[in-house]
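Asks: Below: one structure in structure tokens.
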Amino acid sequence: MKNILVATAAAFALSAAAGAASASPVVLTFEGIADETAVGNFYSGLGVTFSPDTLALVDQDAGGTGNFANEPTPNTIMFFLNSNNAVLNYAAGFTTGFSFYYTSSTAATINVYDDVDAGGNLLASINISAQYTDNCSGDPTGGFCNFTPVGVAFSGTAKSIDFGGTANQTGYDNITFGSDTPGTGSGAPEPATWALMIGGMGLAGAALRRRRSAAVAA
């Protein structure tokens, strides 16, 4: 049975109160955001906001529509459902490094900038590969079953991140500011012996099935 790690904006307000650009690692786990709901201002207590097309997705094992498994902290990740990439703004800025876990069926590039809205100078880039079914085990069902940690160190102060990827094919979790190694928090799922592979589907598998059924009924 999974433990839900509830992340609230208030929990991060103390970090924001420290004032200047954050150098101490801060981890966004997206726990506590409803399934297929905009992340938006959920972390506004930290001064972090997300573009409108950035959504949270809850694992099907926890009652959501997410077609994923082995997420680093259960049960919620970040993704997007249309062609607009997810953009994170951190107006106060952060330094030292940036990292996260990801699952993806396509290759992509994530860019870190020194101004908001993916503007200003490019400080760092992270390239991700299509690895969503590689060496999977555990958790026990979900087609996107590999979450890989990646990160990068950089100089300067970052204020926004443009998350690349393909709509409904790339998901992110445990976004970490101030470190090139992503934090894991607590309550990660215990490993099991197998994973159910669901080919040809997206991260929001159940949601897309419902929408297709509704279209046919109409």
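Asks: Compute the separation of the alpha-carbon centres of segment 23-76 and segment 84-153 and state it in Å as a whole number.
Replies: 14 Å
Asks: If packing is taken as the mean number of other Cβ atoms within 10 Å per residue, what is the order of 141-148, 84-91, highest first?
Replies: By packing density, highest mean first, the sequence is 141-148, 84-91.
Asks: Related question: By its C-alpha gyration tensor, with a ≥ b ≥ c as the square roots of the eigenvalues, how is segment 36-115 shaped: rounded for a/c under 1.5, else prolate for a/b larger than b/c, else oblate?
Replies: Prolate shape, in that a/c is at least 1.5 and a/b is the bigger ratio.
The numbers here are math on the coordinates, done by the rules we state, and not lab data. On a predicted model such as this, the values are computed, not experimentally measured, just so you know. Neighbour counts are summed over all protein chains in view; Cβ atoms, including those assigned to glycine, are modelled from backbone coordinates with ideal geometry.
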